[in-house]
Amino acid sequence: MSFDGKVALVTGASRGIGRAIAVEFARLGADVALVARNAAALDETAAAVKAARNGARTHAIVADVTDAAANDEAVAATIAQLGRIDFAVANAGQAADALLVRMKPADVDAALTINLKSAFYLCSAVAKPMMRQRSGAIVLVSSIVGLTGNAGQAGYAAAKAGLLGLAKSVAKELGSRNVRVNAVAPGFIETAMTEALSEQARAHFLATVPLGRAGTPEDVSGVVTFLCSDAARYVTGQTIVVDGGVLM
Ligand code: NAP
């Protein structure tokens, strides 16, 4: 796999899975636009990207992806600073744990906005430049709970399930222009998002993992870059589960 001369945009690139995706793109030869709200953490990602490949170009974009215009501006800035856009990864997301009966309408809105609408906005923003250049790959970072549901995560799971319908629909709309859209559905991955879990909850979940360990951000980033690569050129509208075998 070589991404020489290619440019990727990754949302939620300030830590965790998004940082690992950005680093992996760079290691494989791409230049990378990094999007998140925390400027200092984006600088740390930019340093990790440069450590992965000497000469890798980065462009940090401090933005809130729940704002549609911010996604348009991030794509425009990527093209202006790095010259083009070949890959877009909608990775930014946030846990939204609450029992259904405790969720207020504002909680539902918040869960759907960060975990679903932000990806919608990114797809809209990259569609035109990718269609124009007759190539591109988009990856949406969903979750296994989008496939299984989860008690106490109705808002988050509904949003993550929505991403799968979004990926398939956009894959059908853009396929004739050689733009592919896929999703990944990670299981339990060691990041800031999961470190708040109790030891008991962690042990309970890990007991269900055939591969016998939690996932790492790098376990996910390799699948994301594969989906963007030429090796996956005939793959679109698919969801790849990255969970150590929990769902099978
Ligand atoms: P994380 O460490 O909490 O990282 C979340 C990232 O999203 C951060 O870079 C954060 O950056 C960014 N973000 C959140 N809200 C944002 C906003 N409004 N605008 C811009 N950026 C925003 O979580 P993670 O585990 O790496 O999760 C990455 C993705 O994987 C998420 O979509 C998550 O749902 C999904 N996922 C994770 C797991 C897991 O077990 N960890 C499992 C399945 C799916 P700032 O705070 O700097 O803005």
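The values are calculated or read from the model by the stated rules, or taken from the named source; none is laboratory data. All values reported here derive from a predicted model rather than from experimental measurement. When we count neighbours, we look across all protein chains shown, and the Cβ atoms used for this are built from the backbone with ideal geometry, even at glycine.
Here are the numbers for the structure shown:
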{"quantity": "Close pairs (7 angstrom Cβ cut-off, 6 or more residues apart or separate chains): away from the ligand (no atom under 15 Å from the Cβ) and part of a loop (DSSP other than H, G, I, E, B) in segment 1-26, modelled with pLDDT of 95 or more and acidic (Asp, Glu) anywhere", "calculated": "Lys6/Asp86"}
{"quantity": "Lys168 vs. criteria under 30 Å from Ala106 (Cβ atoms), more than 15 Å from the ligand (Cβ to nearest atom) and assigned to a helix (DSSP H, G or I)", "calculated": "yes"}
{"quantity": "Candidate set: segment 183-197, residues that are near the ligand (Cβ under 6 Å from one of its atoms) and of a type in the set (A, V, I, L, M, F, W, C); chosen: the one surrounded by the fewest Cβ atoms within 10 Å (Cβ to Cβ)", "calculated": "Ala192"}
{"quantity": "Number of positions in segment 40-87 that are part of a loop (DSSP other than H, G, I, E, B) and either more than 15 Å from the ligand (Cβ to nearest atom) or in contact with a Pro (Cβ under 9 Å, 6 or more places away or on another chain) (or both)", "calculated": "9"}
{"quantity": "Hits in segment 138-153 (condition: small (Gly, Ala, Ser), more than 22 Å from Ala70 (Cβ to Cβ) and surrounded by 20 or more Cβ atoms within 10 Å (Cβ to Cβ))", "calculated": "Ser143, Gly146"}
{"quantity": "Hits in segment 105-164 (condition: under 14 Å from Ala185 (Cα atoms), among the polar types (S, T, N, Q) and part of a helix (DSSP H, G or I))", "calculated": "Asn115, Thr148"}
{"quantity": "Residue count, segment 9-41 (criterion: among the charged types (D, E, K, R), surrounded by fewer than 24 Cβ atoms within 10 Å (Cβ to Cβ) and either under 17 Å from Ala56 (Cβ atoms) or in contact with a Cys (Cβ under 9 Å, 6 or more places away or on another chain) (or both))", "calculated": "1"}
{"quantity": "Every residue from segment 216-248 that is closer than 19 Å to Asp86 by Cβ and touching a Gly at 6+ places or on another chain (Cβ under 7 Å)", "calculated": "Thr236"}
{"quantity": "Odd one out for Ala151, checked against (1) within 18 Å of Ala95 (Cα to Cα); (2) within 15 Å of the ligand (Cβ to nearest atom)", "calculated": "(2)"}
{"quantity": "Test for Asn38: is it farther than 25 Å from Asn182 by Cα and either over 19 Å from the mean Cα position of the chain (by Cα) or touching a residue at least 12 places away in the same chain (Cβ under 8 Å) (or both)", "calculated": "yes"}
{"quantity": "Top-ranked residue of segment 88-114 - restricted to ones that are within 14 Å of the ligand (Cβ to nearest atom) and of a type in the set (Val, Ile, Thr), ranked as surrounded by the most Cβ atoms within 10 Å (Cβ to Cβ)", "calculated": "Val89"}
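Results for (1) surrounded by 23 or more Cβ atoms within 10 Å (Cβ to Cβ); (2) in contact (Cβ under 8 Å) with a residue 12 or more places away in the chain, shown as yes or no for each residue.
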{"position": "Leu116", "(1), (2)": "yes, yes"}
{"position": "Arg134", "(1), (2)": "no, yes"}
{"position": "Tyr156", "(1), (2)": "yes, yes"}
{"position": "Leu166", "(1), (2)": "no, yes"}
{"position": "Ser176", "(1), (2)": "no, no"}
